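Report on the following structure.
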Amino acid sequence: MPFKANAERRHHIPRQRHRVTNWAEYDAGLRTRGSLTVWFSEAAVENWRAEARTGRGGQPKYSALAIATALTLRAVFRLALRQTEGLIGSILQLLGLDLAVPDHSTLSRRAEALEVARPRCGGEPVHLLVDSTGLQLRGPGGWLEEKHGTKRRRAWKVLHLATDADTGQVVAS
């Protein structure tokens, strides 16, 4: 097979669908996509540390607000726990706040009992269509199995899909 056989399918960056007439505005729009503004209110800074526990057990170091803030940033940027710890640390350093950063094990442990709001694309209610389908898992190609036979059973897995009724976009799986 020559090298150029699949050349038309190799271009991964899609071409622009419309002509840009105002380059200054387009360029400014691209720059603002990468802009990030983070601010902590005075109440958030005051409530970052947890209140002392009156009962038995160890004293919590971080309030539910601090854990919820870290887990919300984790959900927004789709980060791992250690990356979230680094992001919170760098944000607090850039803001000049002298607050302790929750470590990844604390975030993991406290996330079990804490409800974090997931970011949504829109503010309107979504009508979901839920369906399940079976997927056949196969190893080598079908012709290879026919030629040499197979030494294992075919495996089936069930896949549940939730799609948006209006757009047809898969929301959850």
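The values are calculated or read from the model by the stated rules, or taken from the named source; none is laboratory data. Predicted model only: the values in this text are computed from it and were never measured. Note that each Cβ is placed from the backbone with ideal geometry, even for glycine, and that neighbours are counted across all protein chains shown. Calculation scope for accessible area: heavy atoms of the full protein, side chains included, ligands and nucleic acids excluded. Shrake-Rupley method; radii C 1.70, N 1.55, O 1.52, S 1.80 Å.
In region 49-96, how many are on the phi > 0 side of the Ramachandran plot and of a type in the set (D, E, K, R)?
Selection size over region 49-96: 1.
How many residues are under 16 Å from LEU65 (Cβ atoms) and in a helix (DSSP H, G or I) if we restrict to region 86-101?
Looking only at that region, the number is 4.
So in region 79-119, with the set limited to residues that are in contact (Cβ under 8 Å) with a residue 40 or more places away in the chain and of a type in the set (D, E, K, R), which one is surrounded by the fewest Cβ atoms within 10 Å (Cβ to Cβ)?
My answer is ARG118.
Which residues, taken from region 52-71, are modelled with pLDDT under 85 and surrounded by 14 or more Cβ atoms within 10 Å (Cβ to Cβ)?
PRO60
Is it the case that TRP156 is at pLDDT below 85, outside any loop (DSSP other than H, G, I, E, B) and over 25 Å from SER173 (Cβ atoms)?
no
Pick from ALA52, ALA43, ALA24: which is over 14 Å from ARG110 (Cβ atoms) and part of a loop (DSSP other than H, G, I, E, B)?
Step by step, each of ALA52, ALA43, ALA24 is checked, and only ALA52 is over 14 Å from ARG110 (Cβ atoms) and part of a loop (DSSP other than H, G, I, E, B).
Within region 29-40, does at least one residue satisfy the condition of being closer than 30 Å to ALA113 by Cβ and open to solvent by less than 100 Å² (accessible area, probe 1.4 Å)?
yes
In the list VAL116, VAL76, VAL101, which residue meets the criterion of being modelled with pLDDT under 70 and within 23 Å of ASN47 (Cα to Cα)?
Result of the check over VAL116, VAL76, VAL101: VAL116.
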